[in-house]
Amino acid sequence: MPQDPDEKRSRRRKHVTSGVREHDRRVGEAEAKASRVPGTEEILAMEAKRARARAKKEINSGRMLSMPPAPAAGTLSRDELYEEARRRNIKGRSSMTKAQLENALRR
């Protein structure tokens with residue numbers, strides 16, 4: 001049995017308008033999300049601000065936070081001290097004792 005054409009038209013109109021509303025809602029959400037994403041200049045400004053804060057903290061503490069802390073004296077073996085002296089290119093390292101290597105690395 002054929003349906004009433006007016007009823008069919010109203011269901012079709014309701015379906016189309018709900019689809020348009022859903023699309024508009026998604027577009028609105030995407031625009032809102034895009035407006036929350038910082039631009040290049042804002043990102044660079046935030047990074048610079050963080051770098052300044054970190055440098056200020058390093059200066060105030062008297063040590064470099066970006067460098068790993070030095071191991072406590074006596075915890076490294078002579079071989080580890082020798083490798084560090086080699087990395088820093090300390091002259092005469094091959095004939096130094098463990099204590100001498102520790103002293104040379106402290107300078």
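Some points to look at:
- Listed by chain and number, the lysines placed with their C-alpha closer than 18 angstrom to that of LYS49 are LYS57; residues fewer than eight positions away on the same chain are left out.
- Extended-chain gain in nm, criterion 0.36 nm per residue less alpha-carbon gap, GLU29 and GLU83: 13.7 nm
- Rough spin-label spacing in nm, given labels placed 7 Å along Cα→Cβ, for ALA55 and VAL16: 6.3
- The THR75 and GLU42 beta-carbon pair, evaluated with R₀ = 25 Å, returns a calculated FRET efficiency of approximately 0.05.
Only the coordinates and a few stated rules stand behind these numbers; no lab work does. In this text, all values refer to a predicted model and were calculated from it rather than measured experimentally. FYI the Cβ positions are ideal-geometry reconstructions off the backbone, even for glycines, and counts take in every protein chain you see.
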